[in-house]
Amino acid sequence: GVDLVEQQVRIAAGEPLSLPPLTITGHAIEARLYAEDPARGFVPEVGTVLKLREPTGPGVRVDSALIEGLVIGADYDPMLAKVIAHGRDRAQAIERLDAALADTVVLGVQTNAAFLRALLALDEVRGGDLDTGLIERSDLDPAPTPPSVRALAASLEHRAGVESARHSDNRLWSMPSGWRLGEHRPARYDIDGTAVCADDEQGSQRAEVARAAGMTWLHVDGATHRLRRRSRAEQLADHRASLTRVAGVADPTVRSAMPGAVVALRASTGDSVVAGDPLVTIEAMKMEHTMLASVAGTVTLTVTVGDQVRQDQVVAHISPHEGDPA
């Protein structure tokens with residue numbers, strides 16, 4: 001019941017604190033929503049907020065500056081919002097916070113919302129038995145994307161293709177599923193490396209959807225999914241690469257784990273390296289991440305200090321030594 005901001009202003013004005021008798025009522029817990037990917041070592045993420053819905057409800061408060069259209073860059077701290085829940089006790093506060101996170105929709109930039117929900121589900125968190133090693137000891141890997149969500153993404157790709165073809169000067173040949181001899185076959189799309197048939201009957205009334213830059217963002221059943229349709233050219237390139245690569249051997253192409261600035265080169269073009277050697281250090285949002293050699297060989301760097309790189313941009317390529325598996 002105390003307006004803390006008012007008290008801060010009074011202190012700044014030289015006035016003494018003016019507080020009523022203070023009591024503790026119930027329990028509150030806060031989760032910090034970050035633009036980051038926990039599955040990739042919590043590296044920061046960038047993007048544009050395409051669709052936004054912040055949670056409401058009894059005991060729920062959100063401190064946020066998010067708006068649709070906001071560009072999340074790599075120059076500042078990746079925290080996006082604080083989601084806070086209050087309840088009569090810790091159990092109710094956690095239940096309300098979990099429901100609030102499930103109802104938090106931020107499409108266009110990856111967040112840690114699913115990780116926060118998994119963390120809240122741990123017995124140690126629910127019981128208040130916390131220590132700094134809890135996350136490392138716990139299995140908090142994200143759940144795989146359900147087939148139904150990939151099917152929905154494929155259907156959305158198909159509908160977008162049909163709509164685009166309707167406005168094409170060459171409509172007949174632009175349709176995703178054109179005439180063919182024999183029985184009808186549904187159009188197939190490569191969604192994150194998995195072939196999925198588009199189902200024209202697949203409903204999307206329960207999903208929040210946004211599409212941009214080759215990505216489909218879906219918020220379904222309290223979880224957000226980022227899915228990418230791989231083009232035919234990408235599929236063929238991967239297939240050609242697999243023909244000359246020994247099974248089980250790592251990809252000799254080294255890609256940036258996050259968007260940011262190259263702040264150090266730990267090797268030079270022409271150097272001989274072994275798997276695990278540091279190559280390039282990238283900095284973004286107060287974090288540094290060093291990219292390591294994936295295989296042994298001769299390295300060719302494709303960036304220099306000061307370059308701005310995108311996530312997954314190629315920063316180095318390693319040519320295996322003669323006689324080594326490619």
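The values are calculated or read from the model by the stated rules, or taken from the named source; none is laboratory data. The structure displayed is predicted, hence computed values, not measured ones. In this analysis, Cβ positions are derived from the backbone assuming ideal geometry, glycine residues included, and neighbour counts consider all displayed protein chains. Only protein heavy atoms, including side chains, enter the accessible area calculation; ligands, DNA and RNA are left aside. Shrake-Rupley method; radii C 1.70, N 1.55, O 1.52, S 1.80 Å.
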Matching residues in the stretch 273-323 - criterion: being assigned to a loop (DSSP other than H, G, I, E, B) and surrounded by 14 or more Cβ atoms within 10 Å (Cβ to Cβ): 277, 285, 293, 294, 295, 296, 302, 303, 307, 311, 313, 320
Qualifying residue in the stretch 103-114 (condition: open to solvent by 40 Å² or more (accessible area, probe 1.4 Å) and either aliphatic (A, V, I, L, M) or part of a helix (DSSP H, G or I) (or both)): yes
Residues (open to solvent by 60 Å² or more (accessible area, probe 1.4 Å), in a loop (DSSP other than H, G, I, E, B) and of a type in the set (S, T, N, Q)) located in the stretch 127-153: 132
Residue count, the stretch 40-70 (criterion: modelled with pLDDT under 95, of a type in the set (A, V, I, L, M) and exposed (fewer than 14 other Cβ atoms within 10 Å of the Cβ)): 1
Output for the stretch 253-272, where each listed residue is in a strand (DSSP E or B) and more than 25 Å from the chain's Cα centre (by Cα): 264, 265, 272
